[in-house]
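> Mind having a look at this structure? Questions to follow.
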Amino acid sequence: MTPEFGLWAFQYPLIRDVWTGQIPDDTDILVVHGPPALYGDCDSEKGPDGKIKVKGDGYLLREIQRVRPKMVVCGHIHGAFGVAVIRHDGIEDIMNGLQMRWEGYSIVGALKQTLWSKITMGRNFERLEETLVINAAVAPSGLRSEDKSAIAIDFH
């Protein structure tokens, strides 16, 4: 299933949260039809306001931020083929919340989180957690016409 997008089957209303608490905590690889908001969903199409449209699911993004899988494989937005990276560093999570206009996210909160992350990052010697978002949609897109060759990922 995917959020409403044109006149296709297996869709749910954009305001419906079908993701919260649905992905098991120990998930490493998540395969979904549509991408999370802000990652693997940007094909440069602009809305009537002139801003680039966010076509992915914001609830899926929140769930990915909670679970932090190593990889998410999706498709659906054909013009957004490629790889994006979600960095789970606190700062990017806050920036996503601000961009999505989620309740509880504010500029003051973002500044606090940024400062706290800078202070604690120096003490954290573990590898930064990241989620690779791979939009593997190979069908042609009306907005982009580049070659869509295979995406190879090497995890060490």
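> What accessible area per residue comes out for the chain, rounded to a whole number of Å², with a 1.4 Å probe?
64
> Once the Cα atoms of helix 107-121 and of the chain are each reduced to a long axis, what angle between those two axes, in degrees from 0 to 90 to the nearest 10, is obtained?
The angle comes out at about 60 degrees.
> Still on this structure: Quick one: putting +1 on the C-beta of Lys and Arg, -1 on the C-beta of Asp and Glu, what dipole do you get for the chain around its Cα centre, in Debye to the nearest 20?
380
> Heads up, I need the accessible area for Thr27: 1.4 angstrom probe, whole protein in place, Å², nearest 10.
20
> What's the carbon and sulfur percent of the range 17-135's accessible surface, probe 1.4 angstrom, rounded to a whole number?
54
> Quickly work out the Leu111-to-Asp17 label distance, labels modelled 7 Å from Cα along the C-beta direction, and quote it in nm with one decimal.
Going from the Asp17 label point to the Leu111 one covers 2.9 nm.
> Just Asp41, Asp26, Asp57 to compare: in a GNM of the chain, with alpha carbon springs under 10 Å, which one fluctuates most?
Asp26
> Using a basic spin-label model with each label point 7 Å from the Cα along Cα→Cβ, how many nm lie between Leu7 and Glu130?
About 4.2 nm separates the two model spin labels.
> Suppose accessible area is computed on protein heavy atoms with a 1.4 Å probe; arrange Phe10, Phe155, Phe81, Phe5 from highest to lowest.
Phe10, Phe155, Phe5, Phe81
> Follow-up question, since we're still on this one. What accessible surface, in Å², does a 1.4 Å probe find on Val67, ignoring ligands, DNA and RNA and rounding to the nearest 10?
Val67 exposes around 20 Å² with every protein chain in place.
> Next question, about the same structure. Per 10 Å bin, what is the whole-percent P(r) computed from every C-alpha pair distance within the range 1-139?
11, 39, 36, 12, 2, 0
> Just check the range 46-121 against the gyration tensor rule for me: Cα atoms, a ≥ b ≥ c as the square roots of the eigenvalues, rounded for a/c under 1.5, and otherwise prolate or oblate depending on whether a/b exceeds b/c.
Oblate.
> With axes computed from alpha carbons, what is the tilt in degrees of helix 91-100 against the longest principal axis of the chain, rounded to the nearest 10 within 0 to 90?
50
> Oh, and also: Angle between the Cα long axis of helix 58-67 and the longest principal axis of the chain, 0 to 90 degrees, nearest 10?
Roughly 50 degrees between the two axes.
> When only the heavy atoms of the protein chains count and the probe is 1.4 Å, how do Leu60, Leu132 rank by accessible area, highest first? Write down the numbers at each step before the final one.
Working: Leu60 0, Leu132 35 Å².
Ranked from most to least accessible, the order is Leu132, Leu60.
> Continuing with the same structure: Provide Met100, Met71 ordered by accessible surface of protein heavy atoms (probe 1.4 Å), highest first.
From most accessible down to least: Met100, Met71.
The values are calculated or read from the model by the stated rules, or taken from the named source; none is laboratory data. The structure presented is a predicted model; accordingly, all values stated were derived computationally and were not measured. Every residue, glycine as well, gets a Cβ built from its backbone with ideal geometry; the counts of neighbours run over all protein chains shown. Just so you know, the surface numbers come from the protein's heavy atoms only, side chains and all, with ligands and any DNA or RNA stripped out. Shrake-Rupley method; radii C 1.70, N 1.55, O 1.52, S 1.80 Å.
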